[in-house]
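The values are calculated or read from the model by the stated rules, or taken from the named source; none is laboratory data. Model, not experiment: these values are computed from the prediction. In this analysis, Cβ positions are derived from the backbone assuming ideal geometry, glycine residues included, and neighbour counts consider all displayed protein chains. Side chains included, ligands, DNA and RNA excluded: accessible areas come from the protein's heavy atoms. Shrake-Rupley method; radii C 1.70, N 1.55, O 1.52, S 1.80 Å.
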Amino acid sequence: MHPEILKVVLIQLGSPKDPSISSVRHYLKEFLGDPRVVDINPLAWKIILNLFVLPFRPKRSAALYANIWKNNSFPLIEYTKDFSSKLRKEFEKTNIEIDYCFALSNPRPEEIFENWEKDRQAGKNVAQKVIFIPMFPQYSESTIGSVIDFIGNVFRKMVTIPRYEVIDHFHNSKAFIDGSIRQIEQYIQGATLEGKNIDHLIISFHGIPKRRVVIKKDPYYKHCFETFWLIKNKIVQLPQDKITMTFQSRFGSEEWLTPYTENKVIEIIKQGDKNIAVYCPSFVADCLETIDEIGRELNEEANHHGGNIFPIPCLNDDDLWAKDFAEYIKANISNKPIQDYNYFLTQEKANTMKEPKLEKIPLSNEAKSTFKIIFLTLFLDLVGFSIIFPLFPALAKYYLENDGENFFLNFIFNTITSFTSNGGAMNVNSIVLFGGALGAIYSFLQFIAAPIWGTISDRIGRRPVLIISVAGLALSYLLWFFSGSFTLLILARFIGGIMGGNISTATAVVADVTDNSNRSKGMAIIGISFALGFIIGPAMGGIFSLIDLTKHLPSFSHWGVNPFSMPALIAFLLSAFNVIYILKKFKETLPADKRGNSEAQRSINPIKLFAPLPYQGVNITNISYFLFLMAFSGMEFTLTFLAVERLSYTSMENAYMFIFIGVIIALVQGGFVRRKANDIGEKKVSIMGLFLLIPGLILIAFAHNSFLLYSGLFFLAIGSSMAIPCLTSLVSMYTPAIEQGKSIGIFRSLGALSRVFGPIIASLVYWNFGGHAPYIYGAIFLIIPILMLSRLPKVNSAA
């Protein structure tokens, strides 16, 4: 009877096929696309990866990989092959097979088991048990967890699965620790003989986000710390205080494990230690991170500050390392006591490890769930507000032809003709004012309703206010669906404007579940919902208006169904879904003990609602927001008419402009503002945003072709995406918790009021001075809020 055959498979990460940009892009797409490697929201990360990372990073990475490309291969690949060959020699004449594969290079795990399956079906004697050893000494979800996923994916496709086990770490094994110490000591001795005295030793581990350790309880940091101390306490050539633990290879803007290798090197050099050796025990084979990142990039940084880096090679294919690791494998297979060092044998030693702490408190899972609901609510609010933008000319024509005697319609156009002295003729200028009038109705009602909703929610809670207001929005869309009469359209916009005032309550919800350290991240999410509303709203208006239900269902015309009913139907269905979603999923965010009764002390008179608030910074921020948004909303409402007049844009081409603006806003708020606003400071980012609006307005003022127009829109989108969420964050930060709803309600209603005055003023300026005038005057006008914001006081961190 044949003895049982065991197969030991060493698994490494791998390298690109070659240093070409296309190969590196393919490698990075697979590597960074692994949800274990980057564990943020999959949809958001796909957008970031495909729009920001893969178009740009591969070129730079390919140049780095070219630095280590030798003999048509990469060091990691060759060292893994050579190490596996040496292990095979240690197991000659045994029943143990040694194999290797790579997660992202050839041969892959599936290739090994395709061959295993072929041999099994051919009747050959194959391994009955497989032992996988991911060649990462310390366990981490992003490395060994990912490898285990790869193994599972292979077995998922197999009919017969062999018995298997995974050795998920060897960070404290005698083979690894002794080999590392030997490698370090031999290098320091060699350097000394060459007259290069080593002043300091850095033991640099590959970094991971702190969040993984603090929140997800990944044992990686504990394993790194234990490896560090086991090595440090056995090094005799340097004093203990000359051996330091650091972390390298940060990616993205999250907090990663500290201290960072680069920062520590600079600090050590400034303290007088010029010659620094660096060993990287996260790797058993040299690769890009050790050869180029440490050996070249870090050395160049050290040279700049007057020091030198001496990279100590990894264990690679060292003969004694191969022999010791073979003994480690034999001990695992035979279930003999494994020769491991254990630093944490005593509680006293365990207490020497300082647990990593996050400087910024991340959003809780409950807060993230709440954000999803608020995101949808605000998104639909903005869809309702912007869906009508591309339809103004067609709406005016439709109602003039089909409801020409309507009192409200005649009132609007009679008012327009009194301003324009146009004798009732409908041209671009009169339609500009018609659109401004419809927008002003919606915005004026938001202006009145926002602080009222916010103040009520401070007393009775956020949930009932959201349910009532979102249900009201659904009703407004339903009325629009049947608005064959202009009166019904006005009524629909009237109800929609009042219910759209729930923006203040939704924003207060974000303030409820965040603090000052992560509030701008929450407000940026609000900003993204606004941006997507401006993308989808005009697009829905343009696209679905092409579906004329009166042609498909002519009998429905008697019920008021009109050529613009299809966009209204879609908006209604989305709002109805939102009501159900809030009822089922939304949990109250304002506890009863935090609810105030401030609304009883304030009049519902919209003028009195805007009396100065007794909180430092709030009033300046509110007025600055009002002035900025007045200029910005004037651009919004006149933009489509400028495009029609100068460039003969159609309704769909008008919709494309808003889609472009929305995409840029979403990307900037999701990428830059969400990650960096709190680091840079909300005040500074707000001012930067307003400055960027100025060239945008000037470019549009003189745009007589699409290139200049879209260039201006680009600056406008970036500037507004920076200003709006940061100004919202500032108001929230300056306001006590029990007054959040009222304060943000006032802030939002000021925004609504600015959307009343902005379009009307811009339309009148457009008529009297020409299409360029609103944008030139708007650019000059922005200097006022910029100067006001520069006088804002420092935010109280305890607010």
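Structure notes:
- Just one of the numbered conditions (1) at negative phi; (2) crowded, with 16+ Cβ neighbours inside 10 Å; (3) modelled with pLDDT of 95 or more is not true of ASN316: (1).
- The range 35-64, residues that are over 20 Å from PRO19 (Cα atoms), of a type outside the set (A, V, I, L, M, F, W, C) and modelled with pLDDT of 85 or more: PRO35, ARG36, ASP39
- Residues (free of Cβ contacts under 8 Å to residues at least 24 places away in the same chain and either among the small types (Gly, Ala, Ser) or part of a helix (DSSP H, G or I) (or both)) located in the range 64-84: SER73, GLU78, LYS81
- Failed item in (1) over 15 Å from ILE776 (Cα atoms); (2) buried (at least 23 other Cβ atoms within 10 Å of the Cβ); (3) small (Gly, Ala, Ser), with SER648 passing the rest: (2)
- Within the range 76-94, considering residues that are under 38 Å from the mean Cα position of the chain (by Cα) and closer than 14 Å to ASP318 by Cα, the one surrounded by the fewest Cβ atoms within 10 Å (Cβ to Cβ): GLU78
- Residue that is surrounded by the most Cβ atoms within 10 Å (Cβ to Cβ), among those in the range 269-282 that are in contact with a Phe, Trp or Tyr (Cβ under 8 Å, 6 or more places away or on another chain) and among the hydrophobic types (A, V, I, L, M, F, W, C): CYS280
- From the list ILE776, ILE761, the lone residue that is open to solvent by 50 Å² or more (accessible area, probe 1.4 Å) and aliphatic (A, V, I, L, M) is ILE761.
- In the range 563-577, residue least open to solvent (accessible area, probe 1.4 Å) [restricted to those that are of a type outside the set (Gly, Ala, Ser) and either in contact with a Phe, Trp or Tyr (Cβ under 7 Å, 6 or more places away or on another chain) or farther than 23 Å from GLY542 by Cα (or both)]: PRO567
- Any pair with Cβ under 6 angstrom, 6 or more apart, that starts in the range 660-685 at a residue that is closer than 23 Å to PRO209 by Cβ and open to solvent by 20 Å² or more (accessible area, probe 1.4 Å) and ends at one that is small (Gly, Ala, Ser) and at pLDDT 80 or above: VAL668/SER721
- The range 180-205: number of residues that are surrounded by fewer than 23 Cβ atoms within 10 Å (Cβ to Cβ), under 27 Å from ASN342 (Cβ atoms) and in contact with a strand residue (DSSP E or B) (Cβ under 9 Å, 6 or more places away or on another chain): 3
Rundown of residues vs (1) modelled with pLDDT of 70 or more; (2) closer than 30 Å to THR735 by Cα; (3) touching a helix residue (DSSP H, G or I) at 6+ places or on another chain (Cβ under 7 Å), yes/no style:
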| position | (1), (2), (3) |
| --- | --- |
| PHE411 | yes, no, no |
| ILE416 | no, no, yes |
| PHE434 | no, no, yes |
| ILE441 | yes, yes, yes |
| ILE456 | yes, yes, yes |
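- Taken as a whole, the condition of being touching a strand residue (DSSP E or B) at 6+ places or on another chain (Cβ under 9 Å), open to solvent by 60 Å² or more (accessible area, probe 1.4 Å) and in contact (Cβ under 8 Å) with a residue 40 or more places away in the chain applies to GLU97.
- Some residue of the range 595-610 being open to solvent by less than 40 Å² (accessible area, probe 1.4 Å) and either closer than 30 Å to ALA394 by Cα or modelled with pLDDT of 85 or more (or both): no
- Of everything listed in (1) open to solvent by less than 40 Å² (accessible area, probe 1.4 Å); (2) in contact with a Lys or Arg (Cβ under 9 Å, 6 or more places away or on another chain); (3) of a type outside the set (Val, Ile, Thr); (4) free of Cβ contacts under 8 Å to residues at least 40 places away in the same chain, the single unmet condition for LYS232 is (2).
Here's the yes/no breakdown for (1) under 26 Å from ARG296 (Cβ atoms); (2) part of a loop (DSSP other than H, G, I, E, B); (3) at pLDDT 95 or above:
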site: GLY179; (1), (2), (3): yes, no, yes
site: ILE184; (1), (2), (3): yes, no, yes
site: LEU201; (1), (2), (3): yes, no, yes
site: VAL213; (1), (2), (3): no, no, no
site: LYS217; (1), (2), (3): no, yes, no
site: TRP229; (1), (2), (3): no, no, no
site: THR244; (1), (2), (3): yes, no, yes
site: ARG250; (1), (2), (3): yes, yes, no
site: ILE276; (1), (2), (3): yes, no, yes
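- Positions within the range 1-32 being free of Cβ contacts under 8 Å to residues at least 12 places away in the same chain and among the hydrophobic types (A, V, I, L, M, F, W, C), in sequence order: MET1
- Sole residue being closer than 24 Å to LEU491 by Cα, open to solvent by 60 Å² or more (accessible area, probe 1.4 Å) and modelled with pLDDT under 80, chosen from LEU382, LEU391, LEU345, LEU400: LEU400
- Residues of the range 686-727 satisfying the condition of being over 23 Å from the mean Cα position of the chain (by Cα), part of a helix (DSSP H, G or I) and of a type in the set (Gly, Ala, Ser): GLY696, ALA701, SER706, SER711, GLY712
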